[in-house]
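> Have a look at this one.
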Amino acid sequence: MLTALGAMQLAILEAKKGWGHVSPNPPVGCVILDKSGNFLAKGHHRKFGGDHAEIDALKEVREPKLLDGATLFVTLEPCAHHGKTPPCAEALAKLPLSKVVYGLVDPNPLVAGKGLEILKSAGKIVQSIASLVGESSASVNDDLEDLAEVFLFNQRERKTFASVKVATTLDGNMAHVSGESQWLTSEEARDHAQYLRGLHDAVIIGAGTFRHDNPRLNVRHAKFENKKNHVIVVNTSGSCLEKIEDSALYQSHEPRRIIVAAGESNASVLKNKSSDVEIWLLPERDGLIDLSSVLKKAYASGLMSVFVEGGARLISQFIEHNHAHRLYQFIAPQILGRRSGRAFTESVTSLTFAARVTMKRPVWTPMGPDVLLSGRF
């Protein structure tokens, strides 16, 4: 038998299998227990446009009569609208389920409680997991929020979610003053960084990283073998367009997946550029592109999450102006020193001690000899 908490935790683990494959939809997991509380089936949303988690789980049930009096656990309220698939709430309402336990209410205005009402109208018992697990509700709610944080942020803010990734020494340096940085961290850490890149719709870098590192920035992880991501190069002048077609970036991506975000003040100069990559002309702030406009444009373009991979100036700008939402910091057991190293926050200038940035719900994960710190801003 599984407890309610155990069933929802299993549903969360199941949902994570869809990370990086279902955007702009949320990752969702589902577990079904029979009327005696025994495990019956599990499922998850596998890819955008495919079956939702509830339908995926129901396909595991070989004998429909086993659903008599069963309880379905799902991490997010069942959908109530026609999209790529029919409404899950309507499908569940027709089944002999006794109860539906949900994790979070869907903030999408097309759902937002409507799925729950459909189920209640069909005579189902509908309960939140928080109402069932008492003192454990805070912990499971945090897990549910973390699971769907990109989707929840997209729906609530109508803006793209930005994660900052950086590899540093113990004293916060991401490179030597000479620019040398390969490799600070271990192969285990670098492999996980590739996995994290695969979770996001696009990578963002600055012009300095483009010129100095000539990176590929494609997804190179076994779990995302066929995934094609986008890359956004933030370059106020747009000068990188002159070298874009000779770059490793261009060789590793379809041109339509490469975006150069340039300043509006350079529109007249850039209008004659013949490159087949996409150009975004965006507002500027103190001579730099306004990152809020980058995130809004990304959202309008269907890019729900971005992975900020450098350099220090761009990362500092994201942090200082509150445009970063999660940090992934890979920390190697090394010291470079203030004069020998370049800190990833070297361009942050306006924070007082009282306004220092504190991570919310930090998690420390060993990565070979290194450690990964992840937390919300």
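> Report whether or not residue 242 is under 30 Å from residue 22 (Cβ atoms) and open to solvent by 50 Å² or more (accessible area, probe 1.4 Å). Break it down stepwise before answering.
Working: under 30 Å from residue 22 (Cβ atoms): no; open to solvent by 50 Å² or more (accessible area, probe 1.4 Å): yes.
In short, no.
> Have a look at 337, 341 and point out the one that is buried (at least 19 other Cβ atoms within 10 Å of the Cβ) and over 29 Å from residue 145 (Cα atoms). Give the steps one after another, and end with the answer.
Working: 337 fails: buried (at least 19 other Cβ atoms within 10 Å of the Cβ).
Step by step, each of 337, 341 is checked, and only 341 is buried (at least 19 other Cβ atoms within 10 Å of the Cβ) and over 29 Å from residue 145 (Cα atoms).
> Looking at (1) at pLDDT 95 or above; (2) under 18 Å from residue 14 (Cα atoms); (3) hydrophobic (A, V, I, L, M, F, W, C), can you tell me which one residue 126 breaks?
(2)
> I'm trying to understand the selection: among the residues of segment 320-334, which are within 19 Å of residue 170 (Cα to Cα) and open to solvent by 80 Å² or more (accessible area, probe 1.4 Å)?
Within segment 320-334, just 333 meets the criteria.
> In segment 53-69, which residues are within 23 Å of residue 80 (Cβ to Cβ), among the acidic types (Asp, Glu) and in contact with a Lys or Arg (Cβ under 8 Å, 6 or more places away or on another chain)?
56
> Also, I was wondering about something else. Restricting to segment 344-369, name every residue that is within 17 Å of residue 177 (Cβ to Cβ), open to solvent by 30 Å² or more (accessible area, probe 1.4 Å) and not β-branched (Val, Ile, Thr). Explain how you work it out, then say what you get.
Step one: filter segment 344-369 for residues within 17 Å of residue 177 (Cβ to Cβ), giving 344-347.
Add one more test, that the residue is open to solvent by 30 Å² or more (accessible area, probe 1.4 Å), and what stays is 345-347.
Once the filter is applied, which keeps residues that are within 17 Å of residue 177 (Cβ to Cβ), open to solvent by 30 Å² or more (accessible area, probe 1.4 Å) and not β-branched (Val, Ile, Thr), segment 344-369 yields 346, 347.
> Looking only at segment 172-183, decide whether some residue is open to solvent by less than 30 Å² (accessible area, probe 1.4 Å), at pLDDT below 95, of a type in the set (A, V, I, L, M, F, W, C) and over 17 Å from the mean Cα position of the chain (by Cα).
First pass over segment 172-183, keeping only residues open to solvent by less than 30 Å² (accessible area, probe 1.4 Å): 172-173, 175, 179.
Applying the additional criterion that residues be at pLDDT below 95 yields 172-173, 175, 179.
Filter once more, so that each one left must be of a type in the set (A, V, I, L, M, F, W, C): 175.
Cutting the leftovers down to over 17 Å from the mean Cα position of the chain (by Cα) gives us 175.
Yes, some residue in segment 172-183 is open to solvent by less than 30 Å² (accessible area, probe 1.4 Å), at pLDDT below 95, of a type in the set (A, V, I, L, M, F, W, C) and over 17 Å from the mean Cα position of the chain (by Cα).
> Right, something else. Collect the residues in segment 282-303 that are of a type outside the set (D, E, K, R), touching a residue at least 12 places away in the same chain (Cβ under 8 Å) and under 26 Å from residue 349 (Cα atoms), keeping them in residue-number order.
282, 283, 287, 288, 289, 291, 292, 294, 295
> Name the one entry in 94, 124, 99, 65 that is closer than 24 Å to residue 50 by Cβ and not β-branched (Val, Ile, Thr).
Numbers: 124 fails: closer than 24 Å to residue 50 by Cβ; 99 fails: closer than 24 Å to residue 50 by Cβ; 65 fails: closer than 24 Å to residue 50 by Cβ.
None of the other options fit; the residue is 94.
> Just one of 294, 308 is surrounded by 21 or more Cβ atoms within 10 Å (Cβ to Cβ), closer than 13 Å to residue 259 by Cα and at pLDDT 95 or above; which is it?
The match here is 294.
> Taking residue 372, is it in contact (Cβ under 8 Å) with a residue 60 or more places away in the chain, touching a His at 6+ places or on another chain (Cβ under 8 Å) and either in a loop (DSSP other than H, G, I, E, B) or surrounded by 15 or more Cβ atoms within 10 Å (Cβ to Cβ) (or both)? Can you show your working first?
On the way: in contact (Cβ under 8 Å) with a residue 60 or more places away in the chain: yes; touching a His at 6+ places or on another chain (Cβ under 8 Å): yes; either in a loop (DSSP other than H, G, I, E, B) or surrounded by 15 or more Cβ atoms within 10 Å (Cβ to Cβ) (or both): yes.
So residue 372 fits the description; yes.
The values are calculated or read from the model by the stated rules, or taken from the named source; none is laboratory data. The structure displayed is predicted, hence computed values, not measured ones. Here the Cβ is made from the backbone with ideal geometry for all residues, glycine too, and neighbour counts use every protein chain on show. Note: accessible area is taken over every heavy atom of the protein model, side chains too, but ligands, DNA and RNA are not part of it. Shrake-Rupley method; radii C 1.70, N 1.55, O 1.52, S 1.80 Å.
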